[in-house]
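Scroll down for the structure; my scribbles are underneath it.
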Amino acid sequence: MPRFTRAELDAARSRTIEDVLPGPGDPPLRVLFCGINPGLVSAATGHHFARPSNRFWPALHGAGFTPRLLLPAEQGELRSLGLGITNMAPRATARADELTPAELVAGGERLQALVAEWRPRWLAVVGVTAYRTGFGRPRASVGPQEERLGETGVWVLPNPSGLNAHWQLPAMVAEYARLRAAA
């Protein structure tokens, strides 16, 4: 992965990244993974979960969602596996805590519309705090939620950011694997 200067990362602020959604001939979505928002490295590369310390791709592979460890630049391969990626808030920031509660609530509303259109089996929100704020569920915890969005189940996964030291990769893989078994 290329290294970026501070100026290049600052220029990536407020950029957005396109969602990874099925194209013609791809299977229907089994799981739509929803990040909180793009980080600056992701915005600079145009690829979701692109910071080297982010554990999304290793957790996805370790849980058996992908046949091999994918690089962020290979995110398009998820489509053929019935997987997709979006973000709750589209604006890139250095840290998720730079987002306002209003941005997360708007993101929750956008997600509901996206789920109604694409009808994945599961919406997997990676980040319990963002889910709590965006969906007005202050007591939500990691795991399957009682709430459904139409026919779509909702699962909250631990945030794979390297800044989330509370969750180590083996525990994260186990939680992702519980979702995979349900999907």
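The values are calculated or read from the model by the stated rules, or taken from the named source; none is laboratory data. Since we're looking at a predicted model, the values are computed, not measured. Every residue, glycine among them, receives a Cβ derived from its backbone with ideal geometry; neighbour counts consider all protein chains shown. To get the accessible areas, we keep the full protein, side chains included, count just its heavy atoms, and leave off ligands, DNA and RNA. Shrake-Rupley method; radii C 1.70, N 1.55, O 1.52, S 1.80 Å.
Accessible area ranking (1.4 Å probe, heavy atoms, ligands and nucleic acids excluded), largest first, for R6, R51: R6, R51. Build a GNM of the chain with springs between Cα atoms under 10 Å apart, and of A50, A96, A116 the one that fluctuates most is A116. Between the labelled values (i) 162; (ii) 109; (iii) 119, the entry that holds volume of the Cα convex hull per residue in Å³ as derived from this structure is (ii).
May I ask what percent, to the nearest 5, of DSSP beta bridges between residues of the stretch 1-132 are antiparallel?
Working: 1 of 10 bridges.
Percent antiparallel among DSSP bridges in the stretch 1-132 is about 10.
What separates the Cα centres of the stretch 1-69 and the stretch 123-138 is a distance of 19 Å. Result for the chain in a Gaussian network model with C-alpha springs under 10 Å: among R30, R68, R132, the largest mean-square fluctuation is at R68.
Scalar couplings 3J(HN,Hα) for the stretch 129-144, obtained by applying the Karplus form with A = 6.51, B = -1.76, C = 1.60 to θ = phi - 60°, are 5, 5, 4, 4, 6, x, 10, x, 10, x, 9, 4, 10, 4, x, x Hz; x denotes Gly and Pro.
Estimated from helical segments only, the mean residue ellipticity of the chain at 222 nm is -9500 deg cm²/dmol, where each DSSP H run of four or more residues counts as -39500 (n - 2.57). Across G25, G107, G82, mean-square fluctuation computed from a Gaussian network of the chain (C-alpha pairs under 10 Å connected) peaks at G25. Of the GluC sites (Glu not before Pro) found in the stretch 122-160, those that fall in a DSSP loop while having at most 11 other beta-carbon atoms within 10 Å are E151. Simple point charges give the picture: +1 on the Cβ of Lys and Arg, -1 on the Cβ of Asp and Glu, and for the chain a dipole about the Cα centre of about 320 debye. Using θ = phi - 60° in the Karplus curve 6.51 cos²θ - 1.76 cosθ + 1.60, the 3J(HN,Hα) couplings for the stretch 84-92 round to x, 9, 9, 10, 5, 10, x, 6, 6 Hz; x is entered for Gly and Pro.
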